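Have a look at the structure below before the remarks.
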Amino acid sequence: MARAVLVCIAFFWVPVLLLHAETLQILEGENPTRIQVIAEVRTVAGDRSVSEILSQGDGEQLLRLVLLSDSGKQGPPILGQYSRDGARLAFMPRYALTHGQRYKGIFTHEGRTIEKEYLVPANSPSTPAVVDHVYPSANKLPANLLKFYIHFSKPMREGKDIFDQIEILDTSGKTVPSPWRRMEVWSEEASRLSLWIHPGRVKRGLKLREELGPVLNPGGKYSLSISGDVMDAEGQTLGKPFVKEFEVVDADRQSPLPSAWRLTSPAANTVTPLQIHFGESLDRHLCHRLIKVRGLDGTPISGKIRVDDDERSWSFVPDAKWSSPEYEVTIDSILEDLAGNTPVRLFDVDLQERQPEPPPLTLKFRVK
């Protein structure tokens, strides 16, 4: 049975309608991590029959739901869907809320703010999350490395605190200051974090790099340290830290060109894999999404992809036997190496300079 937490407020819908909010409800169903925040309104002027989806920005102008840290610090507005259906204004968070965590609904208009907290009930203890893997897998990484992918075994608690709980340490164990672009990028199920090194410290000539220096220096030895205090979605900590040690080599300032890749063709009328060796490590997740196998007529070939050898090789096993004599591999122009270089443009480049002609992004192959 749904429970409702009621708050009486008054507000105005702009710019088209003038509305008064009579109640603000937080509706909790069988799963208390899935809620709706609903404002029941009455129209002073305008059409009560209007139904529309609002943008995140427009909805946040009136109503926000934020995560509260243990100290009470407010996080950024939670993403979700805002909609209006006649006299009802509703917000539904995109992701499930976290057990044992406090949230706050905030209404603001013309300098007036009304707030209401919501506590998600604690969940029964379960096995804490662990770090399954960190990509890139290699232990030698370029000085202009752009990002890490951190895979957890369970959905994790979102929030800006994560950037203070993951550090880069130099060989003496000293923390490298301010390495991250503090923008959360989680997978849909919140079990994979894309962790960007701040581009302002990667690109040459930018003020941030000149003031703080690069995050990584060639010849240095570093470790990526993930605190045991990082929490999963149920509010349980990892319990122990995770450390990935790596060495830094020279910056990579070359585009990953498909013409330099080594392709091993499969045998006809089998489901043996097509293999591609890149000669360098590429972005693992982009390799899964942006390299495709097609028939010569453009028809996609379905199958399973593996990225191995510290992300230096890619293989494709078709769902059905290789039946045509010839196929092609298509590569999206935004495929990146570890430094963010693509086949058509370097990440650290002066855009006012003349750029080279785009390289071929299709590789044809014949089955054996």
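Each reported figure results from applying straightforward, stated rules to the coordinates on display, with no laboratory input. Everything numeric in this text was worked out from a predicted model, so none of it was measured. Note that each Cβ is placed from the backbone with ideal geometry, even for glycine, and that neighbours are counted across all protein chains shown.
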**Request:** Before anything else, pin down the relative contact order of the chain: Cα pairs under 8 Å, at least 6 apart, normalised by residue count, whole percent.
**Result:** 11
**Fill in**
At the level of C-alpha centres, the distance separating segment 62-118 and segment 290-352, in angstrom, is 41
**Request:** At most 14 other Cβ atoms within 10 Å plus a DSSP loop assignment makes a site exposed; report the longest stretch of the chain without any exposed GluC sites (Glu not before Pro).
**Result:** 190-352
**Prompt:** How large is the charge dipole for the chain, taken about the Cα centre, if only the Cβ atoms of Lys, Arg (+1) and Asp, Glu (-1) carry charge, to the nearest 20 debye?
**Reply:** 240
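Assigning unit charges at the beta carbon (Lys, Arg +1; Asp, Glu -1) and nothing else, what dipole magnitude in debye, to the nearest 20, does segment 258-366 show about its Cα centre?
Numbers: 13 positive and 17 negative charges, 116 e Å.
In total the dipole reaches around 560 debye.
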**Message:** Could you check the spin-label model distance between LYS368 and GLN355? Points 7 Å from the Cα along Cα→Cβ, value in nm.
**Reply:** 3.9
**Message:** If I model a spin label at ASP308 and THR330 as a point 7 Å from the Cα along the Cα→Cβ vector, what separation in nanometres do I get?
**Reply:** 2.7
**Request:** Starting from the Cα coordinates of the chain, work out the convex hull volume and express it per residue in Å³.
**Result:** 212
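Go ahead and run the numbers for FRET between SER69 and GLN254, Cβ-Cβ distance against an R0 of 45 Å, rounding to 0.05. Numbers along the way, then the final one.
On the way: r = 43 Å, r/R0 = 0.95.
In this case the efficiency is close to 0.60.
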**Item:** Positive-end extreme of charge dipole, the chain - chosen from SER55, ILE305, SER227 (charges on Cβ)
**Value:** ILE305
**Eligible aspartates and glutamates near LYS304 by straight Cα distance, threshold 20 Å, same-chain separation 8 or greater** = ASP283, ASP319, GLU326, GLU328, ASP332
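Take the residue pairs LYS221/LYS364; LYS140/LYS321; LYS207/LYS244; LYS116/LYS240; LYS160/LYS240 and return only those whose Cα atoms are more than 32 Å apart. Don't jump to the answer; show the numbers that get you there.
On the way: LYS221/LYS364 41 Å; LYS140/LYS321 38 Å; LYS207/LYS244 29 Å; LYS116/LYS240 35 Å; LYS160/LYS240 20 Å.
Distance filter (> 32 Å) returns LYS221/LYS364; LYS140/LYS321; LYS116/LYS240.
Let me have the relative contact order for segment 258-366, percent, based on Cα pairs under 8 Å that are six or more residues apart. Spell out each step's value before the answer.
Details: 208 pairs, mean separation 31.6, N = 109.
With pairs under 8 Å counted, the relative contact order is 29 percent.
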